[in-house]
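Notes to accompany the following structure.
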Amino acid sequence: MTASRICRHFASDNYAGICPEAFAAMVEANQGHEVGYGDDSWTEKASNLLRDVFETKCEVFFVFNGTSANSLSLASLCQSYHSILCHELSHVEGSECGAPEFFANGTKVLLLPGANGKIDPSSIEKAVNKRTDIHYPKPRALSLTQATEVGTLYSLDEMRELADVARHFNLRIQMDGARFANALVSLGVTPKEVTWKAGVDVLCFGGTKNGIAVGEAVVFFNPELAHEFDYRCKQGGQLASKMRFLSAPWVGMLQDGAWLRNARHSNSMANRLEAAIRHLPNISISYPVESNAVFAKIPEKVVDAMHQRGWKFYTHVGGWEDSRLMCSWDTTTEDVDRFAADLKELMGG
Ligand SMILES: Cc1ncc(COP(=O)(O)O)c(C=O)c1O
């Protein structure tokens, strides 16, 4: 196997291109002139499709990436003297270069533990009650990642339990849904059940990893929290002048269910990959495979040999101790089988 024979990698779902449905919608949007800055027909249509998906009158904003979606939405939940509770492995904590604190003018991020990348509900109480004096940044928001950074999911019951605790301590809930579609299809629930009905105030709904070129939707289920969010976006450099090219792909994805198909496909590729490698000697799967990621402990020299063969995948990123194998909307069964065959050969299996 040479690098040139490898078309697709397992490093990140960001490595994949634009899926045909999103691309076609961009091409269709590329006709004539449209009003700028979000007052266009594509943005209206995409926002309405999202309202249909969530079966509620949510406020919708389209931004360029997940870091800005998380940071600006969290900033809208907090004052600068508040704190945000999130899992210690979260993207908000480890992969956003301090943007949540920056955009919220100093709001502190406090880290919570929990097995399998999921916040342990009892840790919320500990963090809130650790100190209640005026010198401590008052906890105000709970940030949950669905699917988590290690590919696991909060079940509906787990969501409800966390929401109960959050409500008890007057915490607003933000959901980092960079891989929300993957979580949804795997949980087999409706979008509303796992978001606003489960207590989520604002969702950062990932488009990029699902097959869109650029962009995430910030969906406020609590409209009061969206007050002047458009100004926050503008100030944060997140108000696209040619907004139709951020919103049109969402129309392409949502109108015929491509977002769900893509998520189902990438999840099933992860399941196939896990099944193909889990029994190899000296390899262990680190977390339950519940979305489109497989985390595995692979001996370092085999990782190096796989890299030398041209396979790209991350190791030791963001505090993980594992190889992260991420499947995308365009990962094929051949990609998975070739990767697994190479791994098997190098493991001497
Ligand atoms: C859990 C999670 N949240 C958010 C993001 C979005 O980050 P970006 O700013 O790179 O779009 C990512 C991307 O890797 C992610 O994995």
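The values are calculated or read from the model by the stated rules, or taken from the named source; none is laboratory data. From a predicted model like this one, the values you see are computed outputs, not experimental measurements. Heads up, the Cβs are rebuilt from the backbone with ideal geometry, glycines too, and the neighbour counts pull from every protein chain shown. All accessible areas refer to the heavy atoms of the entire protein, side chains included, with ligands and DNA or RNA removed. Shrake-Rupley method; radii C 1.70, N 1.55, O 1.52, S 1.80 Å.
Observations on the structure shown:
- Exposed GluC sites (Glu not before Pro) absent - longest run of the chain, DSSP non-H/G/I/E/B, at most 10 other C-beta within 10 Å: 1-227
- The residues of the chain expose, per residue, 44 Å² of accessible area to a 1.4 Å probe.
- The relative contact order of region 75-118, computed from alpha carbon pairs under 8 Å that lie at least 6 residues apart in sequence, is 50 percent.
- Efficiency of FRET between Thr132 and Glu321 - r from beta-carbon atoms, R0 25 angstrom, step 0.05: 0.10
- Residue (of Ser76, Ser328, Val289) at the positive-pole extreme of the chain, dipole from beta-carbon charges: Val289
- Accessible-area ranking of His316, His9, largest first, probe 1.4 Å: His316, His9
- Cα→Cβ-extended label distance, 7 Å offset, between Lys301 and Arg160, nm: 5.2 nm
- Net charge, Met326 excluded, C-beta distance under 13 Å - Lys, Arg +1, Asp, Glu -1: -1
- Toward the positive end of the charge dipole of the chain, with +1 on the Cβ of Lys and Arg and -1 on the Cβ of Asp and Glu, the farthest Cα among Ser90, Ile277, Cys7 is that of Ile277.
- The charge dipole of region 39-148, taken about the Cα centre with unit charges on the Cβ atoms of Lys, Arg (+1) and Asp, Glu (-1), comes to about 440 debye, rounded to the nearest 20.
- Size of electric dipole in region 126-231: Cβ of Lys, Arg +1 and of Asp, Glu -1, about Cα centre, debye, nearest 20: 280 debye
- Integer Hz, Karplus 6.51/-1.76/1.60 couplings in order for region 218-230, x for Gly and Pro: 9, 10, 8, 8, 9, x, 4, 6, 7, 3, 6, 5, 4
- One Cα centroid belongs to region 156-182, the other to region 322-349; the line between them spans 33 Å.
- Protein accessible area in region 178-296, 1.4 Å probe - carbon and sulfur %: 46 percent
- Each of Ala226, Phe54, Thr148 was placed along the dipole of the chain (beta-carbon charges, centred on the mean Cα), and the one lying farthest toward the positive end is Thr148.
- Charged-residue dipole, Cβ positions (Lys, Arg, Asp, Glu), the chain about Cα centre, Debye nearest 20: 340 debye
- FRET efficiency, 1/(1 + (r/R0)^6) with R0 45 Å, evaluated for Glu228 and His279 via beta carbons: 0.25
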